[in-house]
Amino acid sequence: MNTKNLFINGKLKAAKRTYTLRSPYNDEVLADISMADEADVKEAIEGAQSAYQTMKEMPSYQRSDILTNVALILKERKEEAARLIALEAGKPIRTARGEIDRTVATYQFAAEEAKRIYGETIPMDAAPGGENRIGFTWREPLGVVVAISPFNFPFNLVAHKLGPAFAAGNTVVLKPAEQTPLSAYFIAEVFQQAGLPDGALQVITGSGKELSDVLITDPRVQKVTFTGSAAVGKIIKEKAGLRKVTLELGSNSGLIVEPDIPIDKIIPRCVEGAFAFAGQVCISLQRIYVHEAIYDEFSKRFIEQAKTLKTGDPLDETTDISAMISSREIERIESWVNEAVQQGAKVGLGGSRNESIFEPTVLLDVKEDMSVSCQETFAPVVSIVPYKELDDAIDMVNNSVYGLNVAIYTQNIMNAMHAARKFHSGGVIINDIPTFRLDHMPYGGVKESGYGREGIKYAVEEMTELKFVTIKTTF
């Protein structure tokens, strides 16, 4: 059987233990994956620390060249990379190709930002005692960055950590999700081929529970960047101490649909936002609030459109929705849907599983305190709820422990800006779904959706330290 070893200091290293990686769709064995232990993690951190000086002193154009090479190589190997995503994550192949396209763009953005890490001059004489002084700033890399990534975008969310880290001159110890290690090893190979110095990227696979303490608390680690659940994010924050931390956590993204919107123009997009990659997206459309004047028509058309989605093998070119990541997750969402029905919700579509696939599910008559509404479903389940007044809908969207992306469809610019002001979230999307994201825009949340921002320019700022210098020009 194919065994994937740890990637430490530019070489493959066998671990004492392995685990079997299986396809979430058909349980096919994909590989044996090395399980790192504490000694492996410390070796990786030590190697990253040793490589840091090389990365820090590397001219920005050389860091840019490496990132450009990564984008070019990944573009050439697009089909191979997309197939890996389909196999280990169960993402439909067409969707997986889209992820690789975005990943290429993300590394291209990182290559550009490597050359745009600016400082500024400070008018020292703005304060008494500042006469005859020049003040200015520059940004310096932090050092060793620990990146902990999720399963749902195993290439692009890793790129949002590696890209800005290397653009700024840091080194990275990457801990991918247990279900998607193949993508991490693939990108490590690509970076090595692109010219990244050995030790600048370390890949450690295995149990997050076993490895998190040493990864997060080692004194040589200067920053932790994590994408995942709010529960794990809180633990990381507690353990990280004074280290810099970026937390991209959960959401139950809400959308408001005002009555002035032509329904036929937005239904396909809303269905896409709710069910793409089986809803396993941080900003998946989970709650739709529709004005009562168009609620019945919207719900009817939404369900009709959702019925056209095809479920099946992720490698089938016609598949829209495939397996959820694990049977445990299917059992969880199945119990939440059943609980909602017992509490009075109605199933407009779906509501059940088909082996490794949970059917696209539309719930009606959902109350705000039901798990399918107030928690993150991370599944192909969406609720449609009527409202009377716009402010009522805004209040319902805001009535959440999360605050990542929210959205509103309206042709009234005053209503749009009113909602944008009132929403308590990291991002507001007007006239599109909350699932919309481009890889250079600032992205991040408030409340239990975390803090810090991704989007390469903004992530570079998070992965650097501002240094101030002043010169007295006369004695």
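The values are calculated or read from the model by the stated rules, or taken from the named source; none is laboratory data. Note that this is a predicted model, so its numbers are computed, not measured. Using ideal geometry, Cβ is built from the backbone for each residue, glycine included, and neighbour counts are taken over all protein chains shown.
Values computed for the structure shown
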read-out	value
Members of region 237-293 that are among the polar types (S, T, N, Q) and in a loop (DSSP other than H, G, I, E, B)	251, 252, 253, 280, 284, 286
Checking residue 421 against (1) at pLDDT 95 or above; (2) outside the structural domain of residue 322 (by TED's automatic domain parsing), the condition it does not meet	(2)
Residues being more than 13 Å from residue 156 (Cα to Cα) and either buried (at least 20 other Cβ atoms within 10 Å of the Cβ) or not small (Gly, Ala, Ser) (or both) - total across region 92-139	26
Within region 398-416, considering residues that are of a type outside the set (Phe, Trp, Tyr) and under 30 Å from residue 89 (Cα atoms), the one surrounded by the fewest Cβ atoms within 10 Å (Cβ to Cβ)	401
Residue satisfying condition, being at pLDDT 95 or above and at positive phi, within set 391, 395, 365, 369	365
Residue within region 403-415 that is in the same structural domain as residue 155 (by TED's automatic domain parsing), closer than 30 Å to residue 100 by Cβ and not small (Gly, Ala, Ser) present	no
Members of region 457-475 found to be over 16 Å from residue 224 (Cα atoms) and either assigned to a helix (DSSP H, G or I) or touching a helix residue (DSSP H, G or I) at 6+ places or on another chain (Cβ under 6 Å) (or both), listed by number	457
Residue in region 446-456 that is among the β-branched types (Val, Ile, Thr), in a helix (DSSP H, G or I) and not assigned by TED's automatic domain parsing to the domain that holds residue 302 present	yes
Enumeration of residues in region 319-376 that are small (Gly, Ala, Ser), farther than 26 Å from residue 151 by Cα and in contact with an Asp or Glu (Cβ under 8 Å, 6 or more places away or on another chain)	344, 345
Condition broken by residue 198, with the remaining ones in (1) surrounded by 21 or more Cβ atoms within 10 Å (Cβ to Cβ); (2) not in a helix (DSSP H, G or I) satisfied	(1)
Residue in region 373-380 that is surrounded by fewer than 19 Cβ atoms within 10 Å (Cβ to Cβ) and modelled with pLDDT of 95 or more present	yes
Qualifying residue in region 19-38 (condition: over 16 Å from residue 189 (Cα atoms) and in a helix (DSSP H, G or I))	yes
Scope region 283-341; condition of a type in the set (Val, Ile, Thr), over 14 Å from residue 95 (Cα atoms) and either modelled with pLDDT under 95 or surrounded by 14 or more Cβ atoms within 10 Å (Cβ to Cβ) (or both); matching residues	283, 288, 290, 294, 303, 325, 330, 333, 337, 341
Matching residues in region 170-195 - criterion: being within 19 Å of the chain's Cα centre (by Cα) and part of a loop (DSSP other than H, G, I, E, B)	176, 177, 178, 179, 180
Single unsatisfied condition, residue 385 versus (1) in contact with a Phe, Trp or Tyr (Cβ under 9 Å, 6 or more places away or on another chain); (2) surrounded by 24 or more Cβ atoms within 10 Å (Cβ to Cβ); (3) farther than 30 Å from residue 107 by Cα	(2)
Selection count, region 342-358, where residues are buried (at least 18 other Cβ atoms within 10 Å of the Cβ) and part of a loop (DSSP other than H, G, I, E, B)	4
